[in-house]
Amino acid sequence: MAELLTMFSWGAVSEAAMQQGNSALASLQRGEKHLSPLFTLKENFDRGLVPRFNDLGEVAPIALPLIENGQLVNTLVSSRTAKEYNKTPNGADSGEYLRSPEVAIGNLADSDILKTLDTGLFLSNLHYLNWSDRPTARVTGMTRYACFWVENGEIVAPIENLRFDESLYRCFGENLVVLTDFQEFIPEVGSYDRRSLGGTWTPGAIANDFTYTL
C-alpha cells in the first residue's frame, strides 16, 4: 500500500501537473473516472513526524484532505503554482509531493484478512514502481519478499517475483473490496542526499483482479 501511495506524489495530486495536463488523476478531477467511496487520502501533520513548513518556510495546514470517499477535493498547491495559475497555495513543497500521507481505515479485522482473501495473492512488498500509462493511472512494478499464495484462507507457499501492471482507478476504485480497521506506519528510509523523514500511515487492502503480467 505504501509503495502504491508513493505514485500519488509522481504527478497525481500536484496542481501543476493538473494544469499542465500530465496528472494521472486528471480524469478523476474531470469526473470521468472514480475511485472507491472506501478510499480517503489526506496529508496529516498532526503526528509530528515531519515539519509542517516547506522548503520556503511556509506552513501547511495540520490536515489537508485530498481524496474523500473517492472524490478529489484538493490538490497540492505550491506558491509558484499558485502565482502561475491564480490558485490558493496550501503550503505544498515546490515538487508538490506528499509529505505526510494517511489513508483512512476500513472495517476488516486483522483476524479476518486471510479468510476474506480466501484464494489469491498476499502481497507484503512491492518495488521498482513506475507509470506504465500515466493518463489511465496505470502503474507497473514487481512483487518483492514476503509475498504468498493463499488458498481457502491459508498461506500455502511463498511466490516467485511477479511483474504487475494495474491502474489506480481499478485497485483503489471499482475493484477495492475492503480496507483493514487498523493502520500501520511505513517509515521513509531513503538516504539519497539526506536521511528521509516521516512515512505513510495506511491500512491494508483487498482488491479483486489485480493484474499480473509475468
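List of remarks:
- Failed item, numbered, when residue 172 is tested on (1) under 30 Å from residue 51 (Cα atoms); (2) touching a strand residue (DSSP E or B) at 6+ places or on another chain (Cβ under 6 Å): (2)
- Residue among 151, 184, 166 that is modelled with pLDDT of 95 or more, buried (at least 16 other Cβ atoms within 10 Å of the Cβ), of a type in the set (D, E, K, R) and out of contact with any Cys (no Cβ under 8 Å at 6 or more places or on another chain): 166
- All of 93, 112, 118 fail the test of being of a type in the set (D, E, K, R) and exposed (fewer than 13 other Cβ atoms within 10 Å of the Cβ), apart from 118.
Here's the yes/no breakdown for (1) within 14 Å of the chain's Cα centre (by Cα); (2) among the small types (Gly, Ala, Ser):
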residue	(1), (2)
2	yes, yes
14	yes, yes
32	no, no
36	yes, yes
54	no, no
62	no, no
73	no, no
79	no, yes
85	no, no
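- Residues satisfying the stated conditions in the stretch 12-41, i.e. surrounded by 21 or more Cβ atoms within 10 Å (Cβ to Cβ), touching a strand residue (DSSP E or B) at 6+ places or on another chain (Cβ under 8 Å) and within 27 Å of residue 83 (Cβ to Cβ): 13, 14, 15, 23, 24, 25, 28, 41
- Residue 77 vs. criteria in contact with a Lys or Arg (Cβ under 6 Å, 6 or more places away or on another chain) and aliphatic (A, V, I, L, M): yes
- Residue within the stretch 55-65 that is in contact with a Ser or Thr (Cβ under 7 Å, 6 or more places away or on another chain) and acidic (Asp, Glu) present: yes
- Tally of residues being more than 25 Å from residue 25 (Cβ to Cβ) and touching a strand residue (DSSP E or B) at 6+ places or on another chain (Cβ under 7 Å) across the stretch 115-144: 7
- Here the stretch 187-214 is the region considered, the condition is being modelled with pLDDT under 95 and hydrophobic (A, V, I, L, M, F, W, C), and the residue that is surrounded by the most Cβ atoms within 10 Å (Cβ to Cβ) is 197.
- Residue check, residue 70 small (Gly, Ala, Ser), surrounded by 16 or more Cβ atoms within 10 Å (Cβ to Cβ), over 21 Å from residue 176 (Cα atoms) and modelled with pLDDT of 95 or more: no
The values are calculated or read from the model by the stated rules, or taken from the named source; none is laboratory data. Quantities reported herein were computed from a predicted structural model and do not represent experimental measurements. Note: ideal-geometry Cβ built from the backbone for every residue, glycine included; neighbour counts use all protein chains shown.
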